[in-house]
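So the structure is just underneath, and the comments pick up after that.
Read-outs: derived from the displayed coordinates by stated rules, not from any lab. As the structure is a prediction and not an experimental result, all values here were calculated from the model. Heads up, the Cβs are rebuilt from the backbone with ideal geometry, glycines too, and the neighbour counts pull from every protein chain shown.
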Amino acid sequence: MMVLEFVLSLLNVVVIVIFVLVGVAFLTLLERKVLGYIQIRKGPNKVGLVGILQPFSDAVKLFTKEQVIPSFSNYYFYYLSPVFLFFFSLFIWSLLPLFWGLGSFMLGLLFFMCCLSFSVYGLMIGGWSSFSMYALLGSLRSVAQTISYEVSLIFILISLFLMLGSYSFYDLYLNQLSIYYLFMFFPLCLMWIVSMLAETNRTPFDFAEAESELVSGFNVEYSSGGFALIFMAEYSSILFMSMMFICLFLGSNLLSIWFYIKMVLISFLFIWVRGSLPRYRYDKLMNLCWSNFLLNSLFMMLFYIGIYLFLIFF
């Protein structure tokens, strides 16, 4: 029986990883198509029917190119940093609320916060080990940005924990059967969207890859497979944050087609924002976090603590 459970859990992991990687592939195609139409052009349309095989040809091209390793880089850290980033972006998908086996443990939201904090190390080590000032500057900006917005994300989650009374995704699902948290926690939802964009280093907060200022940020020295792994980790994080948004504010029934429609729409929001908004200024980004989001998320947390205590005692 134990062997059967282990085999089923392993199969569960493999299936999730395969589906996430296929989702990442087609998310890149969706992004290139949507950005193309926003800029009044077609986007990729040559490989396969209307360009549907383009992500796979890109993957083959990237993984078969020569791997360039800078002479003065710290070789092992340089080589393992993209693997570390990619591993954690897939490892966090164990939280997918399947309600059986893999993702049904009771401390799921705490586990999410721990995994979120670990991704910073991949960015930092990648920029430092390249032995390039451009890469180091990009990683420092990215780490400062990510750490800053993690604070507001955690306060938002604490507010939800207080009202939920649990850390489980299953309880999140049960509590949203009658009404979505989007309507109960609308200000937190708006802050979550902005923090989500900043946490994944996406436009208008893509300061880690501000091409006009930093060449290409912390990944400037990476090529071939290393660059592909960093790229896949970023898009896997976008899909995961879209899934988290739905679980927290829009219900999370994986057996319903609406879950996947909502996930596609939130992923589309990332692309739409990229095509519509200019890059924010870095000092304004940090000011937005520490002067506005931190105070507002703290205030909202105290507000929901007051509601929680009122409901308990009265």
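Quick notes
- Any pair with Cβ under 6 angstrom, 6 or more apart, that starts in segment 273-285 at a residue that is in contact (Cβ under 8 Å) with a residue 60 or more places away in the chain and ends at one that is of a type outside the set (Phe, Trp, Tyr) and part of a helix (DSSP H, G or I): Gly275/Leu35; Gly275/Ile38
- Qualifying residue in segment 213-231 (condition: over 29 Å from Ile18 (Cβ atoms), buried (at least 17 other Cβ atoms within 10 Å of the Cβ) and hydrophobic (A, V, I, L, M, F, W, C)): yes
- Failed item in (1) outside any helix (DSSP H, G or I); (2) of a type outside the set (Val, Ile, Thr); (3) under 30 Å from Gln67 (Cβ atoms), with Gly226 passing the rest: (1)
- The residue list Ile52, Ile40 contains one member that is surrounded by 13 or more Cβ atoms within 10 Å (Cβ to Cβ) and of a type in the set (A, V, I, L, M), which is Ile52.
- Residues of segment 106-120 classified as in contact (Cβ under 8 Å) with a residue 60 or more places away in the chain and among the aliphatic types (A, V, I, L, M), total: 4
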